[in-house]
Amino acid sequence: VTNFADLATSSLSETILIALVIYLVYLALGRIVIAQNILLLLVGYMVYTAIDLRHLIVLLLITGISFVVGARLPKSSRPGLLLRVSIAVLATVLLAFRYHVYVAEALGSIFVSGNPLSLESLAPLGLSFYTLQAISYLTDVRSGRLNPETNLVNFALYLSLIFKLPAGPIERPGAFLEQIRTGRQITGERINVGTALIIQGAFEKFVVADNLANVVNGVFSNPQGQGLNIPLAVMIFAFQLYTDFSGYSNIFRGLAMFFGFELTLNFKLPYFATSPNDFWARWHISLSSWLREYIFFPLRRWLVARKIGNTAAVVIPTAAAMLVSGLWHGATLNFVVWGLYWATLSVAFYYLDKRQAGKSGGLIATAGALLRITLMFILICVGWFIFRVDGWNNFVDLVSNASLQATPQTYGFIADFIFYVGPLIVFNLIQAYMHDLFVLANIKMPFRSVVWACLVVWILIFGAPASAQFIYARF
Amino acid sequence: MSFLEGLPVEKRAGMSTRSAGAAFLGTIAVFILINFGLLLYVDTYPPEFGPWLVEAKWRLLLNLDEPKEVLVLGDSTANQALLPERIEEATGLTTINLGTVASLTSSNDVWMLQQYVSEHSAPELVVIVHSYQTWLRPIVQTGVGNIPFFRVNSPSVLSPSLPLVTHDFAEQRLLRFIPAYSQSGSLRRLVRTILQLPPDFRLLGGKQYSISELGAYSVEDQDAGDLREDIDEHQRFVNLPIREVTRENLAAVARLIELAEEYDLEVYILNAPIADELAETIEFKTYFAPIQEFLVNAFEGTRITYIPDVYATPLEHMESADHLLIEGARLFTDQVIETVIVPSQNN
């Protein structure tokens, strides 16, 4: 029989106290940058170990490989080969965990789920994110854009800084290693913006995303007789995914600012996008710019250098980048289809825009921003539908049950959507109107304090009772 | 709509640490003000019965000057099923009903019993009544925040015998004073209801609830529509896959057995009365059987007697599927007096 003592876990107050002590020590270390870096590295590793010691082993392995190879690259007689081999090793580790189901089938019972050696149980938090960072580090060192990092602590911190470890952003090594090496300044501006970002992120995650999750999960897991609820759930999922990931990004970015770090912005009002390219310039920016820099442009340059036709030089890199994006998100077919869907959209819009360039007419060119945004949002939702379905049977169930027929639950879903997403849309419109993503941080005093306090109360009252894991921490 | 075009930027306004600190502290100050207003509001106009009942019953326990001979514990079904005045009248045994809500699980029985024995002599008899669902429920943390811990014996005395499930004592003492957290469920429902179309601002005035001096809570009238809906809801529930007894309840059962031994207590655990229409279905019986079996086995050979009988009650006596109207409570109380309290006195 369970004892009461077994039920007691670390309390919120203990966690806050520990975090405060760490922060005070960090501040006390002042300008001793290396000591601050060691502290942050240890904190990251401790949190990681607390989740699962085996996760730390994978992180250390990738850190070790990248650091050693990075140091060797400039001296190597065959740097190209060394880079390709090391990327292959890193990609193999990532793919092995990403495709663990297939690996398990291939390798037999030792890797079956439930076995302590199962790759599923070993799949480390944030692996996809820090592997991409390791690849970009090695690629930049090879190309001469970056000198290899000679300090292991600095390099390890680049890959495993706690504020970006679970789900990014995917930081480019040059600027970020510079922040790690030279130290950070905790300015008034960073504290102000950091607080605003944490509040905004908590609102997005706990009020919007977590409450919408119940609606979406209910419809997707049981599509029978859902009718109009299915297209509604797809639209609601679009906001759930956005607020879940944006919420995560804002919270962790805000926390990082308290430590003087500047993390890459990941979202710029993505649902105001007017074309696929515009969408990818606004959605998961750190990943899309990584894909652009390390997949799209190198492949395009390679094709152009070989005088391969213009069409191929557009279609192939776009398709490759989008396909990699899909595969990066998951091993199942829907992610591959999702990648291809975006590749098709991107190419189609590219040619559509090209044909209309210089012409005064054309639906797309002359359509108002609102129409383009609406059209794009529908296309984005189709993409999210592919992204969200759980296998072929689920896809068929959802498609065959979707209709315009309302059910008794429909009005509840609409009410939930208006209640939770409405304020977010208004806020995003204000951000767009002001052309400023830091609206919340830039409100004049004393209204700023009033708005922030009201939001905190709103989060406490309307935050979902049970918070779901961040969706992107799965990728 | 041209403002919708083009990528937004992050406009950074240079700011001194002092200004940022002022905004930070200002936020805390405004939050405290809002919180104080909410605290006043929920104290004056309790938005929901559950949190109010938890607080009212705990206050009753904490203000108890004299010990009682019969202690009634359990969830809201107990609160509405046993009438202490009737027990006193029939048996001459001083009685108090401390039944609260199911969301605190059987853990609350343990906490109240421990609080009671820390201040008074052990009661002659403890009667615990729970709905079948209570054994399957996890504890609701925010519900714990409704317990007025500032008056409970100090944590050092009660801990570790009275630990909370995931939060520590000091935290709950604090969170209790943040109704936006501890009563978030009630406030959420209140705001959502007010904002529905058409809005119903009358709800802002809250409801006035009351219990008798001995903790009796009476419901006179039945809403047939609500009753039907609740029975249907239970019928849907018992058709779902059978859940296991939650760890909170497992721990509470273990601790109850210890307490009964330690204080030489005579404890009876009863099933809440249930609408006959539901109780007689095969689905309910199938669903309930493993819970009954668990409780029989758990208390076998201990000082605690679990009575597995299902008190199937005609619909006319039910407020909901497992909550009695006052007339039903009278009949059930009489039955408990006859089958549990009097025989226990004779032993």
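Every read-out reported here was derived from the displayed coordinates using simple, explicitly stated rules and does not represent laboratory data. Computed from a prediction, not measured in an experiment: that's the story for all the values here. All Cβ positions, even for glycine, are placed from backbone atoms using ideal geometry, and neighbour counts span all protein chains on display.
So the values come out like this:
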| read-out | value |
| --- | --- |
| Those aspartates and glutamates that a straight Cα-Cα span of less than 19 Å connects to A:K205, excepting residues fewer than 8 apart in one chain | A:D244, A:D416 |
| Relative contact order computed over chain B (Cα-Cα under 8 Å; 6+ residues apart), in percent | 23 |
| Exposure rule at most 13 other beta-carbon atoms within 10 Å, DSSP loop trypsin sites (Lys or Arg not before Pro): chain A longest free segment | A:146-305 |
| Helical mean residue ellipticity (222 nm; -39500 (n - 2.57) per DSSP H run of 4+; nearest 500) of the protein assembly as shown | -19000 deg cm²/dmol |
| Residues B:D65, B:D43 arranged by fewest to most Cβ contacts within 10 Å | B:D65, B:D43 |
| Per-residue average of Cβ from other chains inside 10 Å of B:176-186 | 3 |
| Average beta-carbon neighbours from other chains, 10 Å sphere, peptide B:16-29 | 6 |
| Proximal charge balance of A:I380 [Cβ under 13 Å; K/R count +1, D/E count -1] | +2 |
| Between helix B:224-238 and chain B: long-axis angle, C-alpha atoms, 0 to 90°, nearest 10 | 90 |
| Charge context of A:F419, other residues only, Cβ under 11 angstrom, K/R +1, D/E -1 | +1 |
| Degrees separating the helix B:49-62 axis from the principal Cα axis of chain B, which is the longest one | 60 |
| For chain B, built as a Gaussian network whose Cα springs stay under 10 Å, the top-fluctuating residue of B:F31, B:F288, B:F177 | B:F31 |
| Burial ordering of A:Y433, A:Y242, fewest other beta-carbon atoms within 10 Å first | A:Y433, A:Y242 |
| Compactness relative to 2.2 N^0.38 Å, alpha carbon Rg of chain B | 1.14 |
| Residue order, fewest to most beta carbons within 10 Å, for A:Y341, A:Y420 | A:Y341, A:Y420 |
| Shielding by partners - mean other protein chain Cβ count within 10 Å, residues of B:32-40 | 2 |
